[in-house]
1. May I ask for the angle, rounded to the nearest 10°, between helix A:759-773 and the longest principal axis of chain A, with both axes built from Cα atoms and the value confined to 0 to 90°?
2. In whole angstrom, how far apart do the alpha carbon centroids of the range B:147-193 and the range B:240-319 sit?
3. For peptide A:970-977, what's the mean number of Cβ atoms from other chains within 10 Å of each residue's Cβ?
4. Rounded, prolate or oblate for the range A:343-493? Axes are the square roots of the Cα gyration tensor eigenvalues, ordered a ≥ b ≥ c, and the cut-off for rounded is a/c under 1.5.
5. Just subtract the alpha-carbon distance of A:Thr161 and A:Asp717 from 0.36 nm times their residue separation and send over the number in nm, one decimal.
6. Tell me whether chain B comes out rounded, prolate or oblate; compute the Cα gyration tensor, take square roots of the eigenvalues as a ≥ b ≥ c, and use a/c under 1.5 as the rounded threshold.
7. Arrange A:Lys382, B:Lys61 by Cβ neighbour counts within 10 Å, fewest through most, would you?
8. How big is the charge dipole of the range A:3-165 about its Cα centre, in debye rounded to the nearest 20, if each Lys and Arg gets +1 on its Cβ and each Asp and Glu gets -1 on its Cβ?
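Since every read-out is calculated from the coordinates, none of them should be taken as a lab result. Bear in mind the structure is a predicted one, so any value in this text is a computation, not a measurement. Don't worry about glycine lacking a Cβ; one is built from the backbone with ideal geometry, like all the others, and counts go over all protein chains shown.
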Amino acid sequence: MPGRGSRTAPLRPAGPARGAWAFAAAWVVGVAIALLTGASSVVILLMAGLVAMAAGFVAAPLRLRRAGVVGVELPAVATTGEPLTAVVEVTGRWPVHVEVRVARPADGAVATAERVAAGWCRSERCEITGTGPARGRWDEVRVTVASAGRIGLFWWRRSFTVRCDPMWVAPAAAAVPAHTMPLADEAAGVAPGAPVRGHDELDSVRPWRDGDEAATIHWPSSWRAGEVIVRQQRTNAVERHVVEARRGTGDAAAEAARVRSAVEAAWSLGAGASIVEVDGTRIGEPHDAADPTALLRWAAVFDGPDPTPPPVPWWRRPVGVTHAEPDTSVVRTARWAIAAACLAPAVMVLQPLGYGAFHIAVVAAGLAAGAGLTTMRHPVAKGLRQSMGLACGVGVGAALIDVSAVDTPASVLRFVMPQVLLALFVMQGFECTDRRSARVTLAIAAVLVAYAGGIRVDDRLGAWLLASILLLAVASQLVGRPDRRPATRGSAAAPSRGVRWRHGLAPVTGAALAAISTVAGLVVIPVPDGPAQLTLPSFLSERREVLDDGGLATPGGSPLLGGAVQGPGKRTGGAAASYPGFSNRMDTSLRGNLGDEVVLRVRSPQPDFWRGQTFTTFDGTTWFVDEDAGLRTEGPDHAFGRASGDVLGVADGETLLQTFYPQVDLPNIIFAAPRAYRLLLDAPVWQRLDGALRAGVVLPAGSAYTVLSVRSSATPDSLASQGDLAALGAPAQYVQLPGTTTERTRQLAAELAEGTTSTYEVIQAIDAWLTDHVAYDLEASLPPEGGDAVDWFLFESRRGFCEQIASAMAVLLRSLGVPARIATGYVPSERDHIAGVWISRAHDAHAWVEVRFPDDGWVAFDPTAAVPLPGEADDVSVGGELFDAVAGFVTDHAPHLVLGGGGLLVVIVAGRSGRAAVRRRRRGRWGVLQDRFTVAATRAGAGGTEPNRDLAEVLTGEDARWLADELDRSAFSPSWQDDDAVYQRGRTVLVELEHAGRR
Amino acid sequence: MTPAVTSESPTALAHGHRVGVALGRAVGGVLAGRHDQIEVAVACVLAGGHLLVEDVPGVGKTLLAQSLAAASGGAFRRVQGTADLLPGDVTGTLAPDGDGFGLRFRPGPVFAHVVLFDELNRANARTQSALLEVMEEGTVTVDGVAHRVPEPFFVVATQNPVQMAGTYPLAEGVTDRFMAAVSLGRAGAEEELEVLAGRRGRTRLDSLAAVVDPAAMLAARSAVRTVHLDDTVARYAVDVLRATRSHPRVRLGASTRAGVATVAMARAFATLDGRDYVAPHDIARASRATLAHRIVTAAGEAAAEVVDECLAGVPAPRR
């Protein structure tokens, strides 16, 4: 029943794809991880996920934008429950999922509708299959065109109503036929009751029937069979069976089915059939069942329509979600893509937990086993699959979990929980057989990525994050692709080259758009405020006790009594901890030839000085640490009071939360932003009077500890407003000057202070003077033995490094009566924008000046580096950081990128030409010609299976026919010989045909 | 008039080609239009098979058979099928030998090069069956003595499938003996005009002379058998046969003999096209001619459509 359709129908959401909710859940979990850890990488992942989900939401409306149904062809007659084919013409973009429902007005205004066919439509005209609906006459067709776009996460639909000729649906033939009376056809000149063939009789003899002549009895057969057998006289008359159809039986469909069965049985015997409708005792006129169509039409409406079943009350309806997505299966490619997308997060988690290649291989093998078992050609039994999954999960768990490392409840979180989760993750792979569980698996993988982003601070995080996001995106897209396996027939015209190019480009532009919107969205999101208090990471990768209580130790743990290890020429060697500032005495003439390796990675929303020690006493060349070891606390959660000279308490300023990840073995100095009030480290810690912290253990690489500090909100104005600090007086030790301080030093200080109204201005003046008159030089000459180092630096050499510059500033300030001291530690010199951590390298070991202000306590001033005052820090967004990271990467690796891009291009071109060469070698030049010819004809509308001559008919033209014959000759003629001229002509003809096809 | 083709031709295949073309032209000079059907008929003659012409009366069934017979040369006999026609009337019987007491075999009308059996389905089943042996083996056995019919031997039968009252539908065994069945269909308006104007039709039959002699026909037939059939093409024919057997709406698929007929017809088509090899489209075309009348479909299905569906479902071989 062909019908014409409309092109407009409202676009409505049809619901999420199977298991798509898992992505939303994973996103929420990701938000929790971001809030708990404050990792920028998680925020990036979340934004990418948000963009992907938003794209998934709008992808289908784009595809269905111009969708319309031009027409539907349904068979005029059909049978309930038997296969039927509908031909649907759909405009717009493909592929779309098409569902055809037939409807008829019921008694009231409510229409009943039944689904008859559904399937994927990949071209303008497609055949979809289904089964016949309930018996009756159906007048209306509703076609629902649905799609989830290329991303496949959220379905939208448009429903079109098509008016067309009614479809008649008859019940299937019943097993028991209706009562039948065989009759000879009077029209053929044979009297009624004359012997005819019945359907359960032999050709030669048959059982006795009423009306048979006694003369026809075949006595020998009767004797053998024990019943009366008559001779079957073959007649050439056309037989006719009269079938009785009883009205009012209460089940019209069953009666129609029986009648259909009887009529078809008559036809199968080559007889005609008539139907007599019997209503009680009234016998109607027999009417001829001429052909199957007429029979089915009669059976569709015989004895009135079937009663519509009463609606099922809601509490009796089956529980379960009806999904918008029609397909449930996961194709093999998608399944392996899922395995790849699972492996990346697993590696991301395993690496920071300290696992190596072996353990990664174990997890990879588990994931691969799951993928392999769920994609087998012959699926294994569910029980076997589950037990194998259990075995694999237990195996992975056993390989990963090190029970001996578990000693405290907290260590369970680190040494058992992630491992168990990974084992469960591997087991989930064995359950990943349909789209719902596939998406759940991918969502868990996404959560793992977020988790890894939360705990990882290394510089490979960005690359892993990018790889994971790409793999997750590809896998999730592959999972959502339309199922191709039940191939729908139809004129699947191969797309033209232009269309193919556009289709090939669409994912690239889509990905680019997604990346741009991710960065754009991140621009408005500020960098998270550091790790929340719930998840303060703190652990020691190795416990090495320090022997000397409260004393300094080398990274190896042995007490450090004197200064740093001294090398020839009073220059110390390369190790990080050999910086002289990390000892009890700091000789200002020493700097050390410090290396370039990363020493500390610090997750903190703002940069600050990571202070290790302060020095108060100065003898002209060397600064000394106070003798007092300070107050010991046991931990693991240490709380500290205000240190000497500090003003701000916990409640007085913003909290700055920092987590330190030592990347090399460090001594037992706790680096922290000034005014630490809380420390998480499972070791005894001494808080010295000056606020510096020392642990009872050294801090080996791979450890982590978290510090909470009070951050002052000092700005230039607030500092300047506190006036001249010298006038306020200060404890003697902070204005102590060595006896060697020269008069010209004091004079310089007085000169620089002249005309200023506040100490802050003095500091600025000293800073300016030092910038103008002194050069930073790591190779500065050493002061003469016994002389004053500051005098030598200020007036003789005028070259020096940070220790000397800071000392000079401190001495100048002290000579004016301003309380000042020296602090040493690390400055954050770089930012890892993806991981969101500050990086300090060995040569970032630094010395600076702290000046004590009455309102703010100790405020750091750095005459050499440019760390801004706390109150001046800029707000940065994650997007800005990401942009910086990408820009930095591009500028750093421009030649590599160009080379890599070029290489990729070369590889692609080489691959294509290589494939073409292989094909040419395998198929021969005529074979390639044949393939192109077939493709050209298929594009022109041929089915593709026809012989060449028929393909040529589609392409039209003498040349096409000639080429088809030449191709056949080359394949099948024994006398064929390859002729260059013929081949060249064939090529020319083919190129013209292809060209014509493109137009 | 078309000159007669003799067997003295440069190569055997070229000779076969010329015989076929000459036959086609001769028949085409009598029968208006229907070139495809004429080609099938000519191919059937070349392939050494028998032809069944089915259609309603008055479209030129008999004319096709007569013109084919006339153009092929050799002895021509005609049998009109009726209900009381007996096997002996067709094949020949033993008759008293002159004045003596012996019996002599008196050959029936099948002892000719071309036999036209008009309205075959009006003859009774016994008579139809009597044709089986002569059509398959070229011999008539009477009283234990086999008599050979002349070579080449070619039966053209016609039947009217619509007016079935009082007929004996051909059994599967009989239809299987016919290599090809052709349904003529009505001529187009232009062609009908040709007939009415006397430029085509029965009036032209009298002026139709034989274009080949029996010897040339035999040579042409043996030439056709030498046309090369590639294994992949033969496999295509087999696949089409198998497709008819597994088709859901077919009750009885095509036999192996149908496959032999298909290949023979395909060779003849290739010869007509002047080729020394069978191409896949020859198989496709031959299948349409040889399979439709052999398969038994479910009620109300057109066999030709079923064959087309089978062909569409089997990918043709290519280089």
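1. Helix A:759-773 sits at roughly 90 degrees to that axis.
2. A separation of 18 Å, based on Cα centres.
3. Values: counts 2, 9, 17, 8, 5, 3, 2, 0.
The per-residue average across the peptide is 6.
4. Values: a/c = 2.87, a/b = 1.57, b/c = 1.83.
Note, shape of the range A:343-493 comes out oblate.
5. 192.8 nm
6. Values: a/c = 1.37, a/b = 1.20, b/c = 1.13.
In terms of gyration-tensor shape, rounded.
7. Details: A:Lys382 10, B:Lys61 26.
The order, fewest Cβ neighbours first, is A:Lys382, B:Lys61.
8. Details: 20 positive and 11 negative charges, 84 e Å.
Computed about the Cα centre, the dipole is about 400 debye.
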